[in-house]
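Encoded as structure tokens, the structure appears first; notes follow it.
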Number of protein chains: 2
Amino acid sequence: MPTLHHLPLSPFCRKVRITLGEKSLPIELREERVWDRRRDFLALNPAGKVPVLEMENNHVLADSQAICEFLEEMVPSPSLLGTTPEARAETRRLIAWFDDKFYREVTQHIYGEKVLRRQTGGGSPDSVALRAGRTNVAHHLNYIAWLCDRRTWLAADHFSLADITAGAHISVLDFLGDIDWDRFEGAKLWYQRIKSRPSFRSLLADRVNGFQPPPHYANLDF
Amino acid sequence: MPTLHHLPLSPFCRKVRITLGEKSLPIELREERVWDRRRDFLALNPAGKVPVLEMENNHVLADSQAICEFLEEMVPSPSLLGTTPEARAETRRLIAWFDDKFYREVTQHIYGEKVLRRQTGGGSPDSVALRAGRTNVAHHLNYIAWLCDRRTWLAADHFSLADITAGAHISVLDFLGDIDWDRFEGAKLWYQRIKSRPSFRSLLADRVNGFQPPPHYANLDF
């Protein structure tokens, strides 16, 4: 079975785990405390980051988008990118929206301050960064609702890697109790659909030392 | 002819321009001062960023990687990603290395401080950030040399989007005079090969108000 070197609360690792689930590919998870900078791990990925996918033939892949594109090529059905070049471009635009823009404006501030800083011994979260992340998230959740008013899912009328990517980032914030769902009805309806997918189940079972997710985290009807 | 909304010194726009050149696709360039947040531009790309590619049929694409993947699908030859899933994964790993890791550790500090800050009226560059960028670049240039000791080009024995992406970022630093090439012989040999490609020519002719590239910038034998 292939191995995914990961961190349970990394949105980029969660994106790959959901994709593996959607493609019905079993995986062995191995937690990698990247801040230890283990020599053997750096030999697998000199960028020193997770996710890293190690295939049974020892082929190694790094970077969440490179891994997901590879999985899409190897297991084309169900298609998670779309069936035309234009559809794939729209899916990839939204993947970049969440992996880049959402990460910089939201995830980095909240996950970075609450989880990474603590795990790496960096002390208490910076309250200014936390507040910025919580303010910025509104714009993105409203954008999700706006897209879902026009399409069944974020990039198209079918579920795609755009939903997976957005769901991965948002699931981390939800684990940390940082989304006030009552204020974002449209995004909540979309996230309820995401959460109920079988590929999401292993994420909802994640437990991380030192963190207690809110009671609604694993609840499909929150 | 399609239109590329761009900024001449944005590494992400340069990546798309080089790709268009490699695919022999003519393009009309339109400069977009993204910080003005023009309403018509935000309607094209709500992320408010360049590059944005507007096709003749009015189809709009945003995000440099989504655009380059689209161009690769529409014009498969010459292939810029590789011919096997594994080769494409390696190319995409290195694209992410430069668009993400290199951008955060180097380009953002130098281009962000010297160009973006000035263009948006943010005052003088932060010398601490500049110094960090100049220190961090060494690690990346040594990695380029290391890869080129093992392969003809960064991702494989053929020129790819990994070379384009790395070349795009490095060309911006070179325009700003921030690479001491004498210290990085291996990376310099690779960059000389990049610079001599016809697809690079329009970048070497770029002039930007308020910036004077060093004499070696457009010189192929620097």
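Can you give me the Kirkwood hydrodynamic radius for chain A, using every pair of distinct Cα atoms, in Å to one decimal?
17.8
What FRET efficiency do you get for A:Ala205 and A:Ser79 if R0 is 30 Å and r is their Cβ-Cβ distance, rounded to the nearest 0.05?
Efficiency computed from Cβ-Cβ geometry: 0.65.
In nm², what is the average projected area of the convex hull enclosing the Cα atoms of segment B:85-198?
Across all orientations, segment B:85-198 yields a mean hull projection of 7.4 nm².
If you build the Cα gyration tensor of segment A:166-220 and take the root of 5 times each eigenvalue, what three semi-axes come out, in whole angstrom, biggest first?
Semi-axes (√(5λ), whole Å): 17, 14, 9.
Using only the alpha-carbon atoms, what does the protein assembly as shown span along each of its principal axes? Please give whole angstrom values in decreasing order.
Principal extents (largest minus smallest coordinate, Cα): 63, 50, 44 Å.
Restricting to DSSP H runs of at least four residues, report the calculated mean residue ellipticity at 222 nm for chain A, -39500 (n - 2.57) per run over all residues, nearest 500 deg cm²/dmol.
It lands at -13500 deg cm²/dmol.
Could you compute the longest span of chain B free of trypsin sites (Lys or Arg not before Pro) located in DSSP loops and having at most 15 other Cβ atoms within 10 Å, not counting the site residues?
The answer is B:39-150.
Compute for segment A:22-80: radius of gyration divided by Kirkwood radius, i.e. Rg/Rh, restricted to C-alpha atoms, rounded to two decimals.
Result for segment A:22-80 is an Rg/Rh of 1.00.
What base-10 log of the normalised intensity I(q)/I(0) is obtained for segment A:69-132 from the Debye formula, alpha carbons as equal point scatterers, at q = 0.13, 0.23, 0.24, 0.25 Å⁻¹?
Computed log10 I(q)/I(0) values: -0.55, -0.87, -0.91, -0.96.
Interface A/B, total buried accessible area with a 1.4 Å probe, nearest 100 Å²?
Between A and B, the summed buried area is about 2300 Å².
Using the Karplus curve 6.51 cos²θ - 1.76 cosθ + 1.60 with θ = phi - 60°, work out ³J(HN,Hα) for each residue of segment B:203-219 in order, rounded to whole Hz, and write x for Gly and Pro.
Couplings: 5, 6, 8, 4, 10, 10, 3, x, 10, 10, x, x, x, 7, 3, 9, 8 Hz.
Which residue, chosen from A:Ala132, B:Asn57, A:Asn219, occupies the Cα position most advanced towards the positive end of the dipole of the protein assembly as shown, where the dipole is computed from +1 (Lys, Arg) and -1 (Asp, Glu) charges on Cβ about the Cα centre?
Working it through, the farthest residue towards the positive pole turns out to be A:Ala132.
Take the solvent-accessible surface of the protein heavy atoms, probe 1.4 Å, and return the percent of it on chain A that carbon and sulfur atoms account for.
50
Using only the Cα atoms of segment B:39-110, what are the Rg and Dmax in Å?
14.6, 42
For B:Leu29, enumerate residues with amide H under 5 Å from its amide H, sequence gap 5+ or separate chain, H modeled in the peptide plane.
Placed amide hydrogens put B:Leu4 under 5 Å from B:Leu29.
Rounding to the nearest 20 debye, state how big the charge dipole of the protein assembly as shown is about its Cα centre with +1 on each Lys and Arg Cβ and -1 on each Asp and Glu Cβ.
Details: 58 positive and 58 negative charges, 169 e Å.
Result for the protein assembly as shown is approximately 820 debye, rounded to the nearest 20.
DSSP H helices in chain A with Cα extent of 18 Å or more along the helix axis and mean Kyte-Doolittle hydropathy at least 0.0? Don't skip to the end; give the middle numbers.
Details: long enough: A:127-150 (36 Å, -0.02); A:161-175 (21 Å, 1.13).
In chain A, the long hydrophobic H runs are A:161-175.
Excluding ligands, DNA and RNA, what is the solvent-accessible area per residue of the protein assembly as shown at a probe of 1.4 Å, expressed in Å²?
Accessible surface, normalised per residue, equals 42 Å².
Taking A:Lys23 as the anchor, which lysines have their alpha carbon closer than 30 Å to its alpha carbon, excluding any fewer than eight residues away along the same chain?
Answer for A:Lys23, where 30 Å is the Cα cut-off: A:Lys15, A:Lys49, A:Lys101, A:Lys188, A:Lys195, B:Lys101, listed by chain and number.
The values are calculated or read from the model by the stated rules, or taken from the named source; none is laboratory data. Not measured: the values here are computed from a predicted model. In this analysis, Cβ positions are derived from the backbone assuming ideal geometry, glycine residues included, and neighbour counts consider all displayed protein chains. The protein model used for the area step is the full one, side chains on, heavy atoms only, and it has no ligands, DNA or RNA in it. Shrake-Rupley method; radii C 1.70, N 1.55, O 1.52, S 1.80 Å.
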